[in-house]
Amino acid sequence: MIAYIEPYFLDNDAEASAVAGKSSDGVSESLNLQGTIVCGGDAADIAGKDFGGMNFVKPLAVVRPVGPADIAGAVKAALRSDKLTVAARGNGHSINGQAMAKGGLVVDMSSTAENHFEVGFLSGDGGGTAFVDVSGGALWENVLKRCVSEYGLAPRSWTDYLGLTVGGTLSNAGVSGQAFRYGPQTSNVTELDVVTGNGDVVTCSEVENSELFFSVLGGLGQFGIITRARVLLQPAPDMVRWIRVVYTEFDEFTRDAEWLVSQKDESVDYVEGFVFVNGDDPVNGWPTVPVHPDHDFDPTRLPQSSGSVLYCLELGLHYRNSDSNSTVDKRVERLIGRLGFEDGLRFEIDLPYVDFLLRVKRAEDIAKVNGTWETPHPWLNLFVSKRDIADFDRTVFKELVKNGVGGPMLVYPLLRSRWDDRTSVVIPEGDVFYIVALLRFVPRCTKASSVERMVIQNQEIVQWCVKNGIDYKLYLPHYKSQEEWIRHFGNRWSRFVDRKTMFDPVAILSPGQKIFNRSP
Ligand code: FAD
């Protein structure tokens, strides 16, 4: 393989192609790939940038595998070379180049998206629990649509946006408003097929090759490439009552959010929250709260004492078409009636379950029209312990980002007990912690220096956390030096290194994470 693609190591694409003297088809044939390979400038067009839009890196080639054998072939070819690396690319929705491979091979997982789709039932639990086997390269939105339309079933734990791949989110955690109950997506898979950094194709689970299973979950692509995942399912509800209620005081917002996520018996099915600007700014303020275009936010309902930012608790309650309106209303009131939000600042609609889960698709369509889907996204995602979230609110929400970030500022609680600490994900120490997501959208024609200032502000927030001893971890972490990675993993660093030694000893995989350097 290397003999054929080595010419592309040359910096100049034209020169490289000339030296190779072969079409990509020819190269792929010579490589014995069942799939295809794209080289030179076309490869950079496919895999040289990501959703973050702040990193541009030229890969050597993009491999479009047919299945695990092609992926193993690419890894083994890299092993035989003295500098090639391999990055799986899910849907390239990383922010900081995590799915890139400078001068390396990028495995475009979309070519494998349709390889698996099979629903079954777990043996050993009375046969009751359904699962679906899906490809690592499958988009969650397609998993959702097929599971619901063909089987009336659905995965239990989601991300907000579903244009992400199964392998991409499982390599991080996969968090949304269901995670308080079911844990992140990494807590909702029971078996994986993985191509390791040794080029082995391995099936793993809690009981079979368990070290690999737990390494890969939340493993930032460092230990293997997920080609199949067995995802737990539940009966899909028909409808969701989607509710937003507004708070002026952070402590009341957090008290109610924590109460909802800690209910053992009956609670809502989805809990999220966000901070917004107390003003009429269409992107950052009151207009972002109503869930239906016909609803208006009435600011006269706010007390005089309200501050520069406000808080919105977002809830979802599942029900079936056969449930009567009054039954649903009663369930809602039983839960909502106990909450201390501002009177008159409650918004709600009923919508089909699939539409609810695809709600961010509408935001994507709007952002595509106004150009902010393509502009840079200097996002910051953190987990902050309950112990420190009030301090975080005082300094970050109420001061540093009090004018908004041009997009959602999410904050909602999660329970440590739902996360499996055998996986590679690291979270804060506390039993309850908050996910904080500053999802910055940048208008077209924004100067590079303004984007740079946003990145600097993200760094300042992280620095503030470090200086003040905040119990926090970056989610979708991004660091440039190994020292920072060591601090990130804390007492889990040695386990992470041991796992790397076991499953990717030469450090071939996911070089864009910048955790390890490939050894010759
Ligand atoms: P990529 O960006 O392509 O890859 C991410 C990393 O995983 C890379 O290191 C890559 O090498 C590795 N990788 C990719 N595929 C595989 C595989 N099959 N096997 C092993 N490693 C692999 N996250 C949440 O948790 N909750 C959210 O609600 C949420 N919403 C988002 C909304 C938007 C609009 C965006 C852009 C991101 C959001 N994310 C969210 C973050 C998202 O989960 C991660 O960025 C995820 O990695 C993106 O998936 P992807 O398929 O694009 O992965």
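The values are calculated or read from the model by the stated rules, or taken from the named source; none is laboratory data. A quick note: this is a predicted structure, and the numbers were derived from the prediction, not measured. Here Cβ is always computed from backbone atoms with ideal geometry, including for glycine, and neighbour counts include all displayed protein chains. Just the protein is used for accessible areas: all its heavy atoms, side chains included, with ligands, DNA and RNA removed. Shrake-Rupley method; radii C 1.70, N 1.55, O 1.52, S 1.80 Å.
When segment 195-221 is filtered for residues that are within 8 Å of the ligand (Cβ to nearest atom) and touching a strand residue (DSSP E or B) at 6+ places or on another chain (Cβ under 8 Å), the ones remaining, listed by number, are V216, G221. Restrict the check to segment 164-181 and report whether at least one residue is outside the structural domain of D269 (by the TED database), surrounded by fewer than 24 Cβ atoms within 10 Å (Cβ to Cβ) and away from the ligand (no atom under 13 Å from the Cβ). Scanning segment 164-181 turns up at least one residue that is outside the structural domain of D269 (by the TED database), surrounded by fewer than 24 Cβ atoms within 10 Å (Cβ to Cβ) and away from the ligand (no atom under 13 Å from the Cβ). Taken together, the residues in segment 250-270 that are under 19 Å from I389 (Cβ atoms) and surrounded by 17 or more Cβ atoms within 10 Å (Cβ to Cβ) amount to 8.
Taking the conditions (1) without any contact (Cβ under 8 Å) to a residue 40 or more places away in the chain; (2) away from the ligand (no atom under 16 Å from the Cβ) in turn, K386 satisfies each one other than (1).
Considered as a group, the residues in segment 32-43 that are outside any loop (DSSP other than H, G, I, E, B) and crowded, with 19+ Cβ neighbours inside 10 Å include one that is modelled with the lowest pLDDT, and that residue is G40.
Looking only at segment 77-92, decide whether some residue is of a type in the set (D, E), within 24 Å of the chain's Cα centre (by Cα) and open to solvent by 40 Å² or more (accessible area, probe 1.4 Å). No, that holds for no residue. Selection of segment 328-377 for residues being in a helix (DSSP H, G or I) and hydroxyl-bearing (S, T, Y) yields only Y353.
Looking across segment 98-111, the residues that are open to solvent by less than 10 Å² (accessible area, probe 1.4 Å), within 9 Å of the ligand (Cβ to nearest atom) and either among the acidic types (D, E) or assigned to a loop (DSSP other than H, G, I, E, B) (or both) come down to M100, A101.
A search for C-beta distances below 8 Å between a residue of segment 172-186 that is within 14 Å of V231 (Cβ to Cβ) and any residue that is among the basic types (K, R), counting only pairs 6+ apart in sequence or on different chains, returns Q178/R156; Y182/R156; Y182/R418; G183/R418; P184/R418.
Within segment 44-64, being open to solvent by 30 Å² or more (accessible area, probe 1.4 Å) and β-branched (V, I, T) holds for I46, V57. Among the residues making up segment 258-297, those that are part of a loop (DSSP other than H, G, I, E, B) and charged (D, E, K, R) are K264, D265, E266, D269, D280, D281, D294, D296.
Among the residues of segment 222-233, not one is more than 9 Å from the ligand (Cβ to nearest atom) and within 13 Å of M502 (Cα to Cα).
Residue by residue, here is whether (1) exposed (fewer than 11 other Cβ atoms within 10 Å of the Cβ); (2) touching a helix residue (DSSP H, G or I) at 6+ places or on another chain (Cβ under 8 Å); (3) among the aromatic types (F, W, Y); (4) in contact (Cβ under 8 Å) with a residue 40 or more places away in the chain holds:
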| residue | (1), (2), (3), (4) |
| --- | --- |
| P299 | no, yes, no, no |
| L302 | no, no, no, yes |
| H318 | no, yes, no, yes |
| N325 | yes, no, no, no |
| R331 | no, no, no, yes |
| G340 | no, yes, no, yes |
| L345 | no, yes, no, yes |
| Y353 | no, yes, yes, yes |
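Answer with yes or no whether A236 is within 12 Å of the ligand (Cβ to nearest atom) and modelled with pLDDT of 95 or more. No.
The test for being within 28 Å of R499 (Cα to Cα) and either open to solvent by 10 Å² or more (accessible area, probe 1.4 Å) or at pLDDT 95 or above (or both) does not hold for V148.
Restricting segment 121-136 to residues that are part of a loop (DSSP other than H, G, I, E, B) and touching a residue at least 60 places away in the same chain (Cβ under 8 Å) leaves a set whose member that is nearest to the ligand (Cβ to nearest atom) is G136. For segment 487-498, check the following and say yes or no: at least one residue is without any contact (Cβ under 8 Å) to a residue 12 or more places away in the chain, closer than 25 Å to L438 by Cα, touching a Phe, Trp or Tyr at 6+ places or on another chain (Cβ under 6 Å) and not assigned by the TED database to the domain that holds G48. No, that holds for no residue. Across segment 271-294, the qualifying residues are those that are over 20 Å from G307 (Cα atoms) and more than 22 Å from the chain's Cα centre (by Cα), and the one among them that is least open to solvent (accessible area, probe 1.4 Å) is V291.
When segment 483-520 is filtered for residues that are more than 30 Å from K386 (Cβ to Cβ), away from the ligand (no atom under 12 Å from the Cβ), charged (D, E, K, R) and open to solvent by less than 20 Å² (accessible area, probe 1.4 Å), only K500 remains. Test V207 against the stated conditions and say whether it is β-branched (V, I, T), open to solvent by 30 Å² or more (accessible area, probe 1.4 Å), outside the structural domain of Y353 (by the TED database) and more than 20 Å from P65 (Cβ to Cβ). For V207, the condition - β-branched (V, I, T), open to solvent by 30 Å² or more (accessible area, probe 1.4 Å), outside the structural domain of Y353 (by the TED database) and more than 20 Å from P65 (Cβ to Cβ) - is met. Within segment 390-435, being hydrophobic (A, V, I, L, M, F, W, C) and under 24 Å from V216 (Cα atoms) holds for L414, L415, W419, V425, V426, I427, F433, I435.
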